[in-house]
Amino acid sequence: MQRLKVELMGSEVQGVRLYGDPYRQPEPLHFRVCIPGGDVDIVRCTNGGFWVHLRVNHESKRRESLQAGQKVGRIVDARVDHFDKHAGETSPGDINDPAAYHLAARLEVVP
């Protein structure tokens, strides 16, 4: 498998492109970005879709069992954006609405 290429995607943005075509463009089934307090995973499904996961290093996991340098995090806010509603008018149950185009979650590090 080829190493993924990190590219500039804006003046303050770096990223990688996942194409979802394991035959013509081999790439990992599972891609992870580690951040303070947790990690973000992108996992390809067998039907060609993707799961995107935000996981926090939860307080219930003993701090001693975390790898060196890992911090505890918590999810403090989330929103679903729709083409026909303001974010304040939506709820997590609206995620399956065809007008949904963006899901955001905010993680903070626990001091």
(message) So, in segment 43-96, how many residues would count as being among the hydrophobic types (A, V, I, L, M, F, W, C), closer than 15 Å to PRO111 by Cα and touching a Gly at 6+ places or on another chain (Cβ under 9 Å)?
(response) 3
(request) Scan segment 58-74 and give yes if some residue there is surrounded by 10 or more Cβ atoms within 10 Å (Cβ to Cβ), under 13 Å from the mean Cα position of the chain (by Cα) and of a type in the set (Val, Ile, Thr), otherwise no. (result) no
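Look through segment 1-59, keep the residues that are among the small types (Gly, Ala, Ser) and more than 29 Å from LYS71 (Cβ to Cβ), and return whichever of them is modelled with the highest pLDDT.
GLY49
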(request) Return the pairs, sorted by first residue and then second, in which the second residue is polar (S, T, N, Q), the first residue lies in segment 70-96 and is part of a strand (DSSP E or B), the beta carbons are less than 6 Å apart, and the residues are 6+ apart or on different chains. (result) GLY73/ASN57; VAL80/THR90; HIS82/THR90
(message) Can you report the number of residues in segment 1-40 which are under 24 Å from VAL109 (Cβ atoms) and among the acidic types (Asp, Glu)?
(response) 2
(request) Please give the number of the condition LEU66 fails out of (1) under 28 Å from GLY88 (Cβ atoms); (2) of a type in the set (A, V, I, L, M); (3) modelled with pLDDT under 90. (result) (1)
(request) State which residue pairs qualify: first residue touching a residue at least 24 places away in the same chain (Cβ under 8 Å) and inside segment 1-26, second residue exposed (fewer than 10 other Cβ atoms within 10 Å of the Cβ) and assigned to a loop (DSSP other than H, G, I, E, B) in any location, beta carbons under 9 Å apart, and separation of 6 or more residues or different chains. (result) GLY20/GLY48; GLY20/GLY49; PRO26/MET1; PRO26/GLN2
(request) Would you check if GLY37 is in contact (Cβ under 8 Å) with a residue 60 or more places away in the chain and surrounded by 10 or more Cβ atoms within 10 Å (Cβ to Cβ)? (result) yes
(request) Output the number of residues of segment 97-111 satisfying the condition of being outside any strand (DSSP E or B), in contact with a Gly (Cβ under 8 Å, 6 or more places away or on another chain) and of a type outside the set (A, V, I, L, M, F, W, C). (result) 0
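The values are calculated or read from the model by the stated rules, or taken from the named source; none is laboratory data. Owing to the predicted nature of the structure, the values given are computational and were not obtained by experimental measurement. Methodologically, a virtual Cβ is constructed for each residue, glycine included, from the backbone with ideal geometry; neighbour enumeration extends over all protein chains shown.
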